[in-house]
1. When the residues of the range 372-384 are narrowed to those that are of a type outside the set (V, I, T) and within 14 Å of E476 (Cα to Cα), which ends up surrounded by the fewest Cβ atoms within 10 Å (Cβ to Cβ)?
2. Out of E139, E149, report the one residue that is charged (D, E, K, R), more than 21 Å from Y29 (Cβ to Cβ), loosely packed, with under 15 Cβ neighbours inside 10 Å and in contact with a Phe, Trp or Tyr (Cβ under 7 Å, 6 or more places away or on another chain).
3. What number of residues within the range 81-90 satisfy the criterion of being more than 13 Å from E204 (Cα to Cα) and of a type outside the set (A, V, I, L, M, F, W, C)?
4. V234 passes all but one of (1) under 24 Å from R134 (Cα atoms); (2) part of a loop (DSSP other than H, G, I, E, B); which number fails?
5. With respect to V452, is the statement that it is in a loop (DSSP other than H, G, I, E, B), modelled with pLDDT of 95 or more and on the phi < 0 side of the Ramachandran plot true?
6. Given (1) touching a residue at least 60 places away in the same chain (Cβ under 8 Å); (2) more than 28 Å from the chain's Cα centre (by Cα), identify the lone condition not met by T384.
7. Of the conditions (1) closer than 24 Å to L330 by Cβ; (2) touching a residue at least 60 places away in the same chain (Cβ under 8 Å); (3) of a type outside the set (V, I, T), D404 fails just one. Which one is it?
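The values are calculated or read from the model by the stated rules, or taken from the named source; none is laboratory data. Predicted model, so just to flag it, every value in this text is computed and none were measured. Cβ coordinates were reconstructed from backbone atoms using ideal geometry, including for glycine residues, and neighbour counts include every protein chain displayed.
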Amino acid sequence: MNIRVRFAPSPTGYLHIGAARSALFNWLYARKTGGKFLLRIEDTDLQRSTEESTRSILEGLEWLGLDFEEEIVFQSANADKHRAAANKLVAEGKAYRDFTPKVQRDDSTVKQGVADRARAQAAEGMDARSNPFRDLSTEESDQRAAAGEPFAVRLKVPPEGKTHFEDTVYGPQDRDYSEIEDLVLLRSDGHPLYNLSVVIDDIEMRITHVIRGQDHVTNTHKQILLYQALGAPVPQFAHLPLILAPNKGKLSKRKHGEVVSLTTYRDRGFIPEAFRNFLALLGWAPPDGKEMLSVDELVQQFSLEAIHRSPAVFNFQENDPRHWTDDKALWMNAEYVRNMPVESLFPMVKAELRANKLWREEYDDDDRDWFIKTLELIRQRYHTLKDFSGQGRAYFSDDFDFDDAAVKKNLLKDPHLKELLQVLASRLESVDPFNAETAEASLRQVADETGVKAGLLINGARTMLTGQAVGPSMFEIFDILGQKRSVERLRSGVPWA
């Protein structure tokens, strides 16, 4: 079998991380099986679908490295095919025209949901197939339609029996026909509804496996009826566990805002490989239990059978803006920042610095070795790419801010420190050669001569040179910044101004 899977988002907002995970699992399965990963934009909600949302989806997939085969399918372009399929089912007696006035249909739906009403009727032994137009003769149905009487098109669901499918994740799934109302295929204005459009498009795209969220299980039972009515093979289904908020509630765009948007993580300095790795572990785990996985390892070890049945939890702190993301996501990103090949990190940091007007073209040429050495030194304490332009700004610019807590802790406690740093600056100015070892020797000599602890000078110098309270070895900082900048910053006296 030639495996063909698809990701089919609606362009009505940004790319939700739950949808991004579905895309990733489809992509991994296609790569694992040598199949094809296709993209369909389900833009039939014309009022809510936007080009901006479509761009967000495409950018998100590109950022995660999820490339797709063949051309993008826009569902709205297939509306005529969807209507033709519904009319064919009417002609074959598998669907019927429902001439119930729209106001009456809408009022009934508002009072009780379609699925809830069907289940309630089944529980009470009522006939869910009691629509007076279900068995209308073909001649009368055609006449009323020809006369311009508005109608919806409904599928004729058999009165007895059940739908059944083997879900790759959750196992056997059954639902009695009595719990499924004659589902609407076309509205009275001729607009095709979701279940019909999805099935027709999946048939045309020759989709063999449908991998999507658990919240689609109810739709799957309805869609199986359509596959059968259309005489088409039913694809294999795999439903993915939901991703929940910390309180075990649904992770939603409306309630949780930017926390669930994929572009949030791109814009806040996450490394795409790291976030892809993290997403893969939301509801799936490799057989060897390893967490840090390259894309090749993800593809090699991924399987639908290993997907968990229990919901995954996205553990962000809802009431603490300092913890806007899942702690594990941030930890994993930091591991990538600290351990990925520095040559791979280089272009990402370059883009971050360029966006903040901190990039110098010589970093690509004459100063490349210095830049690589600087990355190696400072990345060990960083979590995201934003840290290079934030905490690390002092390494790339003389225009940087001093952290208030660092100034209070390292500079203002000793009234003699400003003078001591001037002494240190004068000593360092005459050091030749100037490097980490000679800078350390000079600092310790000044400490001995002035009768203070070396730590006082080390911590004070760190804050004067970087604006921070913590960081790499102070002597390595001297070496990276060089003699001239180190001396100038020690003498600046900015925090005391």
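1. Within the range 372-384, the subset of a type outside the set (V, I, T) is 373, 375-377, 379-383.
Remaining after also requiring within 14 Å of E476 (Cα to Cα): 373, 375-377, 379-380.
Details: K373: 15, L375: 20, E376: 15, L377: 18, R379: 22, Q380: 12.
Taking the candidates together, the pick is Q380.
2. Numbers: E139 fails: in contact with a Phe, Trp or Tyr (Cβ under 7 Å, 6 or more places away or on another chain).
Result of the check over E139, E149: E149.
3. Of all residues in the range 81-90, those more than 13 Å from E204 (Cα to Cα) come to 83-84, 86-90.
Narrowing the set further to residues that are of a type outside the set (A, V, I, L, M, F, W, C) leaves 83, 87-88.
Looking only at that region, the number is 3.
4. (1)
5. Values: in a loop (DSSP other than H, G, I, E, B): yes; modelled with pLDDT of 95 or more: yes; on the phi < 0 side of the Ramachandran plot: yes.
Here the answer is yes, as V452 does meet what is asked.
6. Of (1) touching a residue at least 60 places away in the same chain (Cβ under 8 Å); (2) more than 28 Å from the chain's Cα centre (by Cα), only one is false for T384: (2).
7. So the condition that D404 fails would be (2).
So that you can scan it fast, the table gives a plain yes or no per residue for (1) over 21 Å from P192 (Cα atoms); (2) buried (at least 20 other Cβ atoms within 10 Å of the Cβ); (3) of a type outside the set (A, V, I, L, M); (4) modelled with pLDDT under 95:
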{"site": "A8", "(1), (2), (3), (4)": "no, yes, no, no"}
{"site": "A23", "(1), (2), (3), (4)": "yes, yes, no, no"}
{"site": "Y29", "(1), (2), (3), (4)": "yes, yes, yes, no"}
{"site": "K32", "(1), (2), (3), (4)": "yes, no, yes, no"}
{"site": "F37", "(1), (2), (3), (4)": "yes, yes, yes, no"}
{"site": "E52", "(1), (2), (3), (4)": "yes, no, yes, yes"}
